[in-house]
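Note sheet for the following structure.
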Amino acid sequence: MNRVMNSYLLPFCGNIQFWKLVLKEDQVQFSLSRKLDKKSYANRTIIATANGLQTLSIPLEGGRGSSIPYREVLISNQENWRAKQLMAWQSAYSKSPFYEFYIDALTKALSSEKDSLTNLNLAMFKAFCKILKVEIDFKIEDTSEIPISFEPNVFAKMPSYPQVFRNKYAFQPDLSILDLIFNLGNKSLRYLQEA
């Protein structure tokens, strides 16, 4: 019997708990018909930096909480947010052991000319699947079900792994999948399966 994760909100990058859950499912269904709430991680992710945790956001046309469905949400390109994202990634992870192995693929996914938040998040999702070397059966659906949205839990009990700023800060759990991939590289999938 197949397990299906119904009505999940497709996040930007996704936190570690999101990826742990996705990898356990036989099929994942992403809902695009609901409006984004103000706490949505559809356009933001959290990374660890030299100054502590930082939330990175993608600016949206009309802002979050607008009355249009997720599938119609457009990215605002009034500022060069992609350059800011890449600078933040570089500042936080350029000294991590696997940054140089994955940054090109992630830059390509981030930099592709996507005006739709859905298309950008899907490109990022596929890039992370390729990096993790997993094939995830997923569907994009317009459903009336309320999508589940994972908010990162900085108090989550998770096995620690080496992080770039471990000499400055205690282990930071449940960050963006970026943190895990840049720090653990090809061991990321095993971590997600066993944590």
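Here, each number is a calculation from the coordinates, and none is a lab measurement. Note that the structure is predicted; figures quoted are calculated from it, not measured. Cβ sites come from the backbone with ideal geometry, for glycine too, and all protein chains shown count toward neighbours.
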*asked:* Cβ neighbours within 10 Å, averaged per peptide: list 120-126, 23-29 in order, most packed at the top.
replied: 120-126, 23-29
*Going toward the positive end of the dipole of the stretch 55-136, with +1 on Lys and Arg Cβ and -1 on Asp and Glu Cβ, which of 121, 73, 90 do you reach last?*
90
*Dimensions of the stretch 90-138 along principal axes (Cα, Å, largest first)?*
32, 25, 14
*asked:* For the stretch 55-95 and the stretch 9-54, what is the centre-to-centre distance using only Cα atoms, to the nearest Å?
replied: 14 Å
_Using Stokes-Einstein with the Kirkwood hydrodynamic radius over Cα pairs, what translational diffusion coefficient do you get for the chain at 4 °C and a viscosity of 1.567 mPa s, in µm²/s rounded to a whole number?_
76 µm²/s
*Would you list 55, 49 from fewest to most Cβ contacts within 10 Å?*
55, 49
_Under 12 Å from the residue 166 label point (7 Å along Cα→beta-carbon), backbone N, the stretch 78-103_ = 97
*Per the helix-only calculation at 222 nm, which mean residue ellipticity applies to the chain, given -39500 (n - 2.57) for every DSSP H run of n ≥ 4 and division by its residues, nearest 500 deg cm²/dmol?*
-10000 deg cm²/dmol
*Ranked packing of 130-140, 172-182, most packed first, by mean Cβ within 10 Å*: 172-182, 130-140
*Roughly what would the spin-label model give for residue 136 and residue 194, points 7 Å off Cα along C-beta, in nm?*
2.1 nm
